[in-house]
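Remarks on the structure that follows.
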Amino acid sequence: MAIDPRAPAARPSGAAPPATPAPRIGVPGIVFFIIAASAPLTVAAGGIPQSLGVTGVLGIPLLYLLIAVLLAVFSAGYAAMSRHITGAGAFYAYAAHGIGRTAGVAAAFVALVSYNAMQVGIAGLFGATTADFLAARTGLDIPWWTLVLAATALVGALGYRRIDVGVKVLAVLIVIESGTVLVFDVAAFGHAPQGVSLAPLSWHAATDGALGVALCCIFAAFMGFESAALYGEECKDPRRTVGRATYTAVAIIGLFYAVTAWAMISGAGAGHAVRYAAAHGPEMMFALGAESLGPLFSDLAQLFLITSLVAALLSFHNAVARYVRSLGREGVLPRALGALHPRYASPARGSLVQTAVTVAVTALFALAGRDPVDDVFTWLTNLGALGVILLLLVTSVAVICYFARRGSRGRGTDEGRGGGRTDEGVWQRLIAPGLSAVALAVIFYLALTTFSVQLGVGPGNPLRWVLPCLVLVAAVLGVAWARYLRAAHPATYAAIGTCATDDANAS
């Protein structure tokens, strides 16, 4: 698990809180967090059938590979930035250093809204899925929001403790759900009624249908791949670990989902897959699995879908906690939020904030009588995905600006990151981030213009614009708050994005 046995398990009673967390994780640990956020079994059971049934695009497997290539190109500049900015700020720190402090705060606010939206949305799906599972097998009628609160308590407890505890839990859950999907893939290929066709890997199949919606659906399956940089301070070698973990996760996720989509199409028959997906929806994988492996597999797969959602909740919870901690220690948010736990060296207060947000938003939806899938999950995960696409676009621009100001061979130190030259090639500094910026701008435009389709509402429904506007409102509030800090607290404003310790900021 790449956990350092020499790292201290606890601090003596009464000792001062640590300024930075102990380096406890390596590439495998971060990859587990990234894959957990992507939720392989959730994508297999829900994302792939939705992509097929809603868009009519048979070439979904090829599109997964193409999006993986795009994200690998993005990762070239992202990894280059991670070698110079090793704090836990990720989008926030990168935007602050590349574009400016005001842009950094705006990116931070968008990130907080996006990741919290993803967290609460996935929690809604967990509540509904678990409630249905228990009702079908035990007859118990448990409100979905009760189950969400129970899962939130569990995830909050794990997020409050040392990060390696969460890594161990994620490792078990990821192995279980990935193994389940692999068993399904083998069975689906082996029981293909029309044989294994290469048609889903053709360019014609990939571009025949609602391509824009398909790209947005597929892009959402990769959400969380960018979270490696959030664990920069907890890596043993952040200048190498973040980049390697990001590349590894993108490659695994892209190939895994492409093969699974191909297997699902083969299992239904290439000539019938789109209609089968439209008719069965999220039950497509379970129905095909029952045909080829028997009903026991279907029951186990539904159980493991629940654990897959728990893994995703833990991953997004940790991401939000680290954003809150980064903003707190630099004074953008109350400084008390930036303190690490004196024993676990975890962003415990950020963890508590995220837990409180999940409870509060879940309570609002429950009191309003909203559906946990059609409303909570669909609304909030699409909102979160839209925000993350915008953040990836901003980060690509920030990479270009950051290295352009410093030249191909930087001078001096990287503002408190331990120095070092910005000796990156033209591919990492300019070409890769430029290409990814253009591609991400296109995807963001497609996501925005097809948002009503993704929500499953008519083009005249106010949600079509209200939800995307929440991303804009978050950015505007971030800009306004940064301007206030610059005028009222210039020292705090000057420290934005530096990832300095509380002591440094206080001075």
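The values are calculated or read from the model by the stated rules, or taken from the named source; none is laboratory data. Note that the coordinates shown come from a computational prediction; the quantities given were computed from them, not determined experimentally. We place every Cβ from the backbone using ideal geometry, glycine too, and count neighbours over all the protein chains shown. Heads up: the accessible areas ignore ligands, DNA and RNA and are worked out on the full protein's heavy atoms, side chains in. Shrake-Rupley method; radii C 1.70, N 1.55, O 1.52, S 1.80 Å.
In the stretch 51-108, the portion of solvent-accessible area held by carbon and sulfur atoms comes to 68 percent [1.4 Å probe, whole percent, DNA, RNA and ligands not counted]. The alpha-carbon positions of the stretch 33-92 define a convex hull whose volume is 106 Å³ per residue. Sorting 253-259, 425-431 by their mean Cβ neighbour count within 10 Å, with the most densely packed peptide first, gives 253-259, 425-431. Overall dimensions of the stretch 105-205, expressed as equivalent-ellipsoid semi-axes from the Cα gyration tensor (√(5λ), whole Å, largest first), are 33, 23, 17.
Across the stretch 444-460, computed HN-Hα scalar couplings (Karplus, 6.51 cos²θ - 1.76 cosθ + 1.60, θ = phi - 60°) run 5, 4, 5, 4, 6, 7, 10, 5, 5, 5, 5, 7, x, 10, x, x, x Hz from first to last residue, x flagging Gly and Pro. At q = 0.21, 0.25 Å⁻¹ the log10 of I(q)/I(0) for the stretch 420-472 amounts to -0.77, -0.92, computed by Debye summation with a single uniform scatterer per C-alpha, solvent ignored.
Cα extents for the stretch 256-384 along the principal axes, largest to smallest and rounded to whole angstrom: 58, 34, 25. When every alpha-carbon pair in the stretch 98-149 is counted, what percent end up more than 16 Å apart? Here the long-distance tail beyond 16 Å is 56 percent of all Cα pairs in the stretch 98-149. Taking every protein chain into account, the accessible area of the stretch 247-343 amounts to 31 square angstrom per residue (probe 1.4 Å).
Packing, as the average of other Cβ atoms within 10 Å across residues, places the peptides 261-269, 118-126, 327-335, 170-178 in the order 118-126, 261-269, 327-335, 170-178, highest first.
Using the Karplus relation 6.51 cos²θ - 1.76 cosθ + 1.60 with θ = phi - 60°, the per-residue 3J(HN,Hα) values for the stretch 171-180 come to 4, 5, 5, 5, 4, 5, 6, 5, x, 4 Hz, with x marking Gly and Pro.
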